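Report on the structure given below.
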Amino acid sequence: MAMTEVSERYRRLSDAFAAKIAGVPEAAWSNETPCEEWTARDLVAHVVATQGMFEGLVGRSIGDLPSVEESPAAAWDAARSVIQRNLEDPSSASVEFDGFSGRSTFEAAVDRFLCTDLVVHGWDLARATGQDETIAPEVVTRVKGIAEGFGQGM
């Protein structure tokens, strides 16, 4: 398995998201998030499901995962391990597909969307559950540039 800049970024961001999940007090899982109509648990379920959606874009399945309802941390760890494994396998990372913005590879799509999603929803989860919501300036700059590239789709 080979670590690339993208696989390292995904690992770092998925670890940060895992830390935010671990930091949620049990009573805060029903807290509302900045995402309309989502609780903290709903937000984690959304992020977990999005990992599976990206596997589906390249004809793969994320497989059976633990329930977010029963264990948000276990569900997240299982989902992110599939993505990480496929990013570290050059043949899996380089699989191409036609997506929302044209032809892409799995790795490039993960970098553009999932890595951005982890920053945005990490902030949402932190805000909803009273955790530190600080984002490093260089990460904000990167995410802002990517988001601007989404144009009207954003």
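The values are calculated or read from the model by the stated rules, or taken from the named source; none is laboratory data. Because the structure is a prediction, the values reported are computed rather than measured. FYI the Cβ positions are ideal-geometry reconstructions off the backbone, even for glycines, and counts take in every protein chain you see. Heads up: the accessible areas ignore ligands, DNA and RNA and are worked out on the full protein's heavy atoms, side chains in. Shrake-Rupley method; radii C 1.70, N 1.55, O 1.52, S 1.80 Å.
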Only Cα pairs within less than 10 Å get springs; with that Gaussian network setup on the chain, which residue of GLU133, GLU37, GLU88 has the largest fluctuation? GLU37
Name the residue, out of ARG112, ARG41, ARG103, whose mean-square fluctuation peaks in a Gaussian network model built on the chain with Cα pairs under 10 Å. ARG103
For every helix of n ≥ 4 consecutive DSSP H residues, a contribution of -39,500 (n - 2.57) applies; sum these over the chain, divide by its total residues, and give [θ] at 222 nm rounded to the nearest 500 deg cm²/dmol. -18000 deg cm²/dmol
At 1.567 mPa s and 4 °C, Stokes D of segment 57-106 from Kirkwood alpha-carbon radius, µm² per second: 107
The farthest towards the positive end of the charge dipole of segment 69-122, of the residues SER101, ALA73, THR116, given +1 on Cβ of Lys and Arg and -1 on Cβ of Asp and Glu, is SER101
How large is the dipole of segment 46-154 about the Cα centre if only Lys and Arg carry +1 and Asp and Glu carry -1, each at its Cβ, rounded to the nearest 20 debye? 260
Give me the accessible area per residue for the chain, probe 1.4 Å, as a whole number in Å². 53
Among [x] 38, 15, 13; [y] 29, 16, 15; [z] 25, 18, 14, the entry derived from the coordinates for semi-axes √(5λ) of the Cα gyration tensor in Å: [z]
For segment 1-59, with +1 on Lys and Arg beta carbons and -1 on Asp and Glu, the positive-most of VAL6, ALA19, THR50 along the dipole: VAL6
Mind putting a number on the dipole of segment 1-75 about its Cα centre? Charges go on the C-beta only, +1 for Lys and Arg and -1 for Asp and Glu, and I need it in Debye to the nearest 20. 340
D_trans [Stokes-Einstein, Kirkwood Rh over alpha-carbon pairs] for segment 72-150, 20 °C, 1.002 mPa s, µm² s⁻¹: 152
For the chain, take the longest principal axis of its alpha carbons; what is the angle in degrees between that and the long axis of helix 137-149, to the nearest 10 within 0 to 90? 60
Top of SER71, SER101, SER30 by mean-square fluctuation, Gaussian network on the chain, Cα under 10 Å: SER101
What residues have an amide H closer than 5 Å to that of GLY99, excluding those fewer than 5 places away on the same chain, when H is modeled at 1.01 Å from N in the peptide plane? SER104
Give me the angle, in degrees from 0 to 90, between the Cα long axis of helix 40-57 and the longest principal axis of the Cα atoms of the chain, rounded to the nearest 10. 10
Just to compare against my own numbers: the Cα pair-distance distribution for segment 110-154, 10 Å bins, whole % per bin, please. 27, 52, 20, 1
Expressed as a percent, the accessible surface of the chain that is carbon or sulfur, using a 1.4 Å probe and the full set of protein chains, is 53
